[in-house]
Amino acid sequence: MKAIGVMDFGGPETLEVLDLPNPPDAEKGWVRIRVRCAAVNPADIAMRRQRGPAQPPSPPYVFGMDAAGIVEQIGEGTHTPLKVGDQVMAIVIPQGSYGAYSEQIVVPVDSVAPVPAGTTLPESATLPMNGLTARLALDELGLKPGDTLAVTGAAGTLGGYAIQLAKADGLAVIADAADADEKLVRELGADHVIRRGQDFSSQVREIVPPGADAVLDCALLNDAVVPAVRDGGGVATVRGFQGEVQRGVTFHPVYVPHYAREVEKLDRLRQQVVEGQLTLRVAKTFPAEQAADAHRMLEAGGVRGRLVLEF
């Protein structure tokens, strides 16, 4: 089968078309998907640049955490409402030659949900990993209706889902944006839009003098967001950052593999798309063979919505 990956880590030019063996038949509890679309995420770029501790020492390495496609096979004895031929989306945890940038992939059935009705496969491929990351962050923060959440990187895919899920949870949202993104961030539902930058915390305090109840730091501002949080509040981070404990602020590093088999949460995200609570945004699609161009575009910055590879 065709896959996109690398034999050595480095820049976008290391990505190449690989000819890999077809995956094995799905066993009980697993599903084989014919992948049509795979989203390109910042996590893919991080994995392409350097082998992580979870990666085996020998190549090839295939990336991709979001897949959308067609159910080809369901493992015998698997209890699921899914059927062969269904259009589905799945979250994938890459390791070695196993990743969503592949024509076929076998995934746990608990990582798969139908695509939202009325959406395309490229749109559906943008939801699983980022949607579940936002959901996990909000669950970790444990906010209640009426609380205030501040979001950095609000115009990005993760930030956008975080705003919309927070509003669905009854939270007040303060979100940052560049001038060009202010309209988008307001349309996503932010109650207050502030300037993007290192003075994030002081701007939050101008709106909520005691500080927000929590911050979700999608922009990786790290220590710079901590003053935005009230005493005893929370900070959710997406690349493992944990700052120095002060004022009772709790850090919540968010690792989406913890929700990779939470099928009820993935299916709830599907329902929220159908209900109009979540907006799926595709910036551009690329033939899978042009994955290097997609990586270059994402690394250049300014992409609003997800880039998607098509197989």
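The values are calculated or read from the model by the stated rules, or taken from the named source; none is laboratory data. Predicted, not measured: the structure shown is a model, and the values here were computed from it. Note that we place each Cβ from the backbone using ideal geometry, even for glycine, and neighbour counts take in every protein chain shown. Protein only, heavy atoms only, side chains kept; ligands, DNA and RNA dropped before computing areas. Shrake-Rupley method; radii C 1.70, N 1.55, O 1.52, S 1.80 Å.
Within the stretch 205-223, being over 15 Å from GLY153 (Cβ atoms) and surrounded by fewer than 22 Cβ atoms within 10 Å (Cβ to Cβ) holds for ARG205, GLU206, ILE207, VAL208, PRO209, PRO210, ASP223.
The listed residues are GLY197, GLY248, GLY232, GLY301, and the only one of them that is without any contact (Cβ under 8 Å) to a residue 60 or more places away in the chain, more than 30 Å from VAL109 (Cα to Cα) and either buried (at least 17 other Cβ atoms within 10 Å of the Cβ) or in the same structural domain as ASP66 (by the TED database) (or both) turns out to be GLY301. Residues of the stretch 165-175 include none that is open to solvent by 40 Å² or more (accessible area, probe 1.4 Å), more than 20 Å from the chain's Cα centre (by Cα) and at pLDDT 95 or above.
Considering only residues in the stretch 71-109 that are touching a Phe, Trp or Tyr at 6+ places or on another chain (Cβ under 6 Å), touching a residue at least 60 places away in the same chain (Cβ under 8 Å) and open to solvent by less than 10 Å² (accessible area, probe 1.4 Å), the one that is nearest to ARG261 (Cα to Cα) turns out to be GLY99. How many of the residues making up the stretch 275-289 are touching a strand residue (DSSP E or B) at 6+ places or on another chain (Cβ under 8 Å) and either assigned to a loop (DSSP other than H, G, I, E, B) or open to solvent by 20 Å² or more (accessible area, probe 1.4 Å) (or both)? So the answer is 7. Is one or more of the residues making up the stretch 228-251 of a type in the set (D, E, K, R) and not in a loop (DSSP other than H, G, I, E, B)? Within the stretch 228-251, one or more residues are of a type in the set (D, E, K, R) and not in a loop (DSSP other than H, G, I, E, B). Output the residue which, of all residues in the stretch 179-194 that are open to solvent by less than 30 Å² (accessible area, probe 1.4 Å) and under 21 Å from the mean Cα position of the chain (by Cα), is farthest from PRO253 (Cα to Cα). Here the answer is ASP181.
Taking the criterion of being outside any strand (DSSP E or B) and in contact with a helix residue (DSSP H, G or I) (Cβ under 6 Å, 6 or more places away or on another chain), the residues of the stretch 77-100 that qualify are THR78, THR80, ILE93. Looking across the stretch 12-34, the residues that are of a type in the set (Val, Ile, Thr) and part of a strand (DSSP E or B) come down to VAL17, VAL31, ILE33. For the stretch 235-245, taking the residues that are without any contact (Cβ under 8 Å) to a residue 40 or more places away in the chain and open to solvent by less than 70 Å² (accessible area, probe 1.4 Å), the one that is nearest to ASP147 (Cα to Cα) is identified as VAL235. ASN41 falls short on exactly one of the conditions (1) among the polar types (S, T, N, Q); (2) under 19 Å from ASP293 (Cα atoms); (3) open to solvent by 10 Å² or more (accessible area, probe 1.4 Å), and that condition is (3). Contact annotation: residue pairs with Cβ atoms under 6 Å, 6 or more positions apart or on different chains, pairing a residue in the stretch 124-140 that is open to solvent by 10 Å² or more (accessible area, probe 1.4 Å) with a partner that is in a helix (DSSP H, G or I) and charged (D, E, K, R), are ARG135/LYS265. The residue of the stretch 45-66 that is most open to solvent (accessible area, probe 1.4 Å), among those that are out of contact with any strand residue (DSSP E or B) (no Cβ under 7 Å at 6 or more places or on another chain) and outside any loop (DSSP other than H, G, I, E, B), is ARG49. Taking the residues in the stretch 6-42 that are among the charged types (D, E, K, R) and under 23 Å from the mean Cα position of the chain (by Cα) as candidates, determine which candidate is farthest from GLY85 (Cα to Cα). This residue is ARG36.
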